[in-house]
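First up is the structure itself, then whatever we jot down about it.
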Protein chains: 2
Amino acid sequence: MTERTVFLLSDQTGVTAETLGHSLITQFAGQNFRQMTLPFIDTEDKVREAVRTINAVRASGAPKPIVFSTLVQAEFRAILKDADCMHLDIFDVFLEPLAQELEEEPSFEAGRAHGMSDIDAYMKRIEATNFALANDDGGISRNYDVADVILVGVSRSGKTPTCLYLALQYGVYAANYPLTEEEFESGKLPDFLVKQKDKLFGLSIKPERLRQIRKERRPMGSYSTPQQVRFELRETDKIFKRYGIPHVDTTEFSIEEISSRILDSTGVDRRVRP
Amino acid sequence: MTERTVFLLSDQTGVTAETLGHSLITQFAGQNFRQMTLPFIDTEDKVREAVRTINAVRASGAPKPIVFSTLVQAEFRAILKDADCMHLDIFDVFLEPLAQELEEEPSFEAGRAHGMSDIDAYMKRIEATNFALANDDGGISRNYDVADVILVGVSRSGKTPTCLYLALQYGVYAANYPLTEEEFESGKLPDFLVKQKDKLFGLSIKPERLRQIRKERRPMGSYSTPQQVRFELRETDKIFKRYGIPHVDTTEFSIEEISSRILDSTGVDRRVRP
């Protein structure tokens, strides 16, 4: 099927354009998209260069490219009008009505969104990341007292990437503790976790999916047998029930979804915002 | 100054609404915003509940709330029209023109953007995160052969969070190696790094900023003295020059910016897209 190029164009990182564009194009499952990010388009020359890149795709006989952009400066957006493409820019559409409502002129400064405008936010994210790393996998340097949330679940249920995502995206202090033989045999959580009961949040996962993930990791041994996987998940479920731990089934969810559901369910505040 | 509430409302995680809203409101530095994410608003009842929440803020005498939303279903957006707010929705604005250009009706299915529609992408991000963790800080389990990029720089220059961000956001395999006394004294990189010269990318940082970061980490000792910090950065710069390692000064940059600049500069492909 003919490929259509989608440009994610930005005067800064391109993260906003990528997120915006991705949300929209995933609504059209019948298409074959090729995504291309053009970040740091922050001079007139670079905008003209981008126009040439877009036009070259079009000139090759491909379908009209789609360009999602987040260009703060109106004159840059005007140059893009020369490109033979469908051009959608969030500032074009939303900035003027916002300015009217707020009764303030926009600063038109590039890079305010994902820039270092807030050193404090940068430090918070770094510190949260360090916290997640130091409190990963039930390691010895536990600082559960300052944790916002402590994820519990079996090996490969998604604890570590979720903790890291919560730290990097939201500055949230997320620790995690793996449930293993010790907990399954006693049916109990260790005392230092019971003390933090209100911070516990469980990750569950369907047996088939867990097997699939574990097999990619370690194909041999009991780690990924149906028996072992089912046993661990059954015991985990008992522990969640025994202590009344809220939990989410990660089987069908992306890291973003798991993270959002944890924040939504626990009420933990975002310390920083993306 | 009067606080104005900005709602980031979504039928899914809220990540797109947060990113979009943040990009726009950071253009208005004279305002005092309070951001509130309302994720998983995916039934009519939840939309009505959200309308009540928004109206309650307004009824308290606060300025008219601003609502950025990413609601796929038109009937949900219609219900939101009852809220006493300024409502900006990207699907309202962009979906119809896109559908015309693509000659395809949108699926109107919620959750396609940050959902598990692509298990393959999930696995890639998890594997990339595991790679970053296993290849963090020059640890012993080095798999530099399969790395996409290897970050080098002094302690606290931002290597670890950048590697994790590259993994979680883009599925990129990023390792990192800290430059320490050994490299500074010899002025050389170890052989296993020289072999991977084309994958090396340097993080530099201004002395004052590095001191500030290190002091928060470890206030005592030589680690954060002006002399030590300047010495390390001077020697690092020599190594970057000696081996022709491209690098970026992280002082003024957020994790997103550092990551985008690395991808832009190295040409490393995103394995997945946000």
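The values are calculated or read from the model by the stated rules, or taken from the named source; none is laboratory data. Computed from a prediction, not measured in an experiment: that's the story for all the values here. Glycine gets a Cβ as well: all are built from the backbone with ideal geometry, and neighbour counts include every protein chain shown. Ligands, DNA and RNA are stripped out before the accessible areas are found, and what is left, the full protein with its side chains, is counted by its heavy atoms. Shrake-Rupley method; radii C 1.70, N 1.55, O 1.52, S 1.80 Å.
What are the residues in region A:129-156 that are under 19 Å from A:Leu203 (Cβ atoms), within 19 Å of the chain's Cα centre (by Cα) and within 11 Å of chain B (Cβ to nearest Cβ), if any? Break it down stepwise before answering.
Residues of region A:129-156 that are under 19 Å from A:Leu203 (Cβ atoms), as a first pass: A:131-133, A:135-139, A:142, A:144, A:147-156.
Cutting the leftovers down to within 19 Å of the chain's Cα centre (by Cα) gives us A:131-133, A:136, A:148-151, A:156.
Correct list: A:Ala132, A:Leu133, A:Asp136, A:Arg156.
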Give A:Ile126, A:Ile25 a once-over and let me know the one that is crowded, with 21+ Cβ neighbours inside 10 Å and at the interface with chain B (Cβ under 7 Å from one of its Cβ atoms). A:Ile126
Can you find a residue in region A:47-56 that is crowded, with 17+ Cβ neighbours inside 10 Å and either facing chain B (nearest Cβ under 7 Å) or out of contact with any Phe, Trp or Tyr (no Cβ under 9 Å at 6 or more places or on another chain) (or both)? yes
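Every residue, every condition in (1) closer than 16 Å to B:Cys85 by Cβ; (2) more than 9 Å from chain A (Cβ to nearest Cβ); (3) surrounded by fewer than 16 Cβ atoms within 10 Å (Cβ to Cβ); (4) touching a residue at least 12 places away in the same chain (Cβ under 8 Å), yes or no:
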site: B:Arg4; (1), (2), (3), (4): yes, no, no, yes
site: B:Thr16; (1), (2), (3), (4): no, no, no, yes
site: B:Arg34; (1), (2), (3), (4): yes, yes, yes, yes
site: B:Phe40; (1), (2), (3), (4): no, no, no, yes
site: B:Thr43; (1), (2), (3), (4): no, yes, yes, no
Counting only residues that are crowded, with 22+ Cβ neighbours inside 10 Å and closer than 24 Å to B:Phe184 by Cα, region B:129-139 contains a total of 1
Quick check on B:Leu233: is it open to solvent by less than 10 Å² (accessible area, probe 1.4 Å), of a type outside the set (Val, Ile, Thr), at pLDDT 95 or above and outside any loop (DSSP other than H, G, I, E, B)? no
Region B:236-265, residues that are hydroxyl-bearing (Ser, Thr, Tyr), closer than 15 Å to B:Leu151 by Cβ, crowded, with 20+ Cβ neighbours inside 10 Å and within 14 Å of chain A (Cβ to nearest Cβ): B:Thr250, B:Ser259, B:Ser260
Would you pick out the residues in region A:236-268 that are in a loop (DSSP other than H, G, I, E, B) and of a type in the set (Val, Ile, Thr)? A:Ile245, A:Thr250, A:Thr251, A:Val268
I need the full set of residues from region B:33-81 which are farther than 17 Å from B:Leu8 by Cβ, touching a helix residue (DSSP H, G or I) at 6+ places or on another chain (Cβ under 7 Å) and of a type outside the set (A, V, I, L, M, F, W, C), in order please. B:Glu44, B:Arg48
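Would you be able to tell me the number of residues in region A:2-18 that are among the small types (Gly, Ala, Ser) and in a helix (DSSP H, G or I)? Write out each step before concluding.
As a first pass, look at region A:2-18 and keep what is among the small types (Gly, Ala, Ser): A:10, A:14, A:17.
Narrowing the set further to residues that are in a helix (DSSP H, G or I) leaves A:17.
Total meeting the criteria: 1.
On the basis of being of a type in the set (D, E, K, R), open to solvent by 20 Å² or more (accessible area, probe 1.4 Å), more than 10 Å from chain B (Cβ to nearest Cβ) and farther than 20 Å from B:Leu20 by Cβ, does A:Glu96 make the cut? Explain how you work it out, then say what you get.
Details: of a type in the set (D, E, K, R): yes; open to solvent by 20 Å² or more (accessible area, probe 1.4 Å): yes; more than 10 Å from chain B (Cβ to nearest Cβ): yes; farther than 20 Å from B:Leu20 by Cβ: no.
No; evaluated as a whole, the condition is false for this residue.
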Inside region B:195-214, the number of residues satisfying the requirement of being under 19 Å from B:Glu252 (Cα atoms), surrounded by 15 or more Cβ atoms within 10 Å (Cβ to Cβ) and of a type in the set (D, E, K, R) is 3
Of the residues in region B:160-183, those that are open to solvent by 10 Å² or more (accessible area, probe 1.4 Å) and either within 17 Å of B:Ile239 (Cβ to Cβ) or polar (S, T, N, Q) (or both) number 7
Got a sec? Which of B:Thr53, B:Thr26, B:Thr2 is of a type outside the set (A, V, I, L, M, F, W, C) and closer than 19 Å to B:Asp89 by Cβ? B:Thr53
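Per-residue answers, yes or no, for (1) among the charged types (D, E, K, R); (2) at positive phi; (3) modelled with pLDDT under 95; (4) in contact with a strand residue (DSSP E or B) (Cβ under 8 Å, 6 or more places away or on another chain):
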| residue | (1), (2), (3), (4) |
| --- | --- |
| B:Glu109 | yes, no, yes, no |
| B:Ile119 | no, no, yes, no |
| B:Asn143 | no, no, yes, yes |
| B:Ala147 | no, no, no, yes |
| B:Ile205 | no, no, no, yes |
For the structure I just gave you, tell me whether B:Phe192 is open to solvent by 40 Å² or more (accessible area, probe 1.4 Å), aromatic (Phe, Trp, Tyr), in contact (Cβ under 8 Å) with a residue 24 or more places away in the chain and assigned to a helix (DSSP H, G or I). yes
Given (1) farther than 23 Å from B:Ser69 by Cβ; (2) modelled with pLDDT under 95, where does A:Asp92 come up short, assuming only one miss? (1)
Based on this model, can you work out whether B:Val67 counts as more than 9 Å from every other protein chain (Cβ to nearest Cβ), crowded, with 19+ Cβ neighbours inside 10 Å, touching a residue at least 40 places away in the same chain (Cβ under 8 Å) and over 29 Å from the mean Cα position of the chain (by Cα)? no
Being open to solvent by 10 Å² or more (accessible area, probe 1.4 Å) and closer than 21 Å to A:Glu127 by Cα is the filter here, so list the residues in region B:140-157 that pass it. B:Ser155, B:Arg156
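Can we say A:Val268 is of a type in the set (A, V, I, L, M, F, W, C), touching a strand residue (DSSP E or B) at 6+ places or on another chain (Cβ under 9 Å), closer than 26 Å to B:Ser254 by Cα and open to solvent by 10 Å² or more (accessible area, probe 1.4 Å)?
On the way: of a type in the set (A, V, I, L, M, F, W, C): yes; touching a strand residue (DSSP E or B) at 6+ places or on another chain (Cβ under 9 Å): yes; closer than 26 Å to B:Ser254 by Cα: yes; open to solvent by 10 Å² or more (accessible area, probe 1.4 Å): yes.
Yes, satisfied.
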Quick check on region A:206-223. Is at least one of its residues closer than 28 Å to A:Asp120 by Cα and within 21 Å of the chain's Cα centre (by Cα)? no
Sort through A:Leu80, A:Leu24, A:Leu71 and tell me the only one that's under 30 Å from B:Leu71 (Cα atoms) and touching an Asp or Glu at 6+ places or on another chain (Cβ under 6 Å). A:Leu71
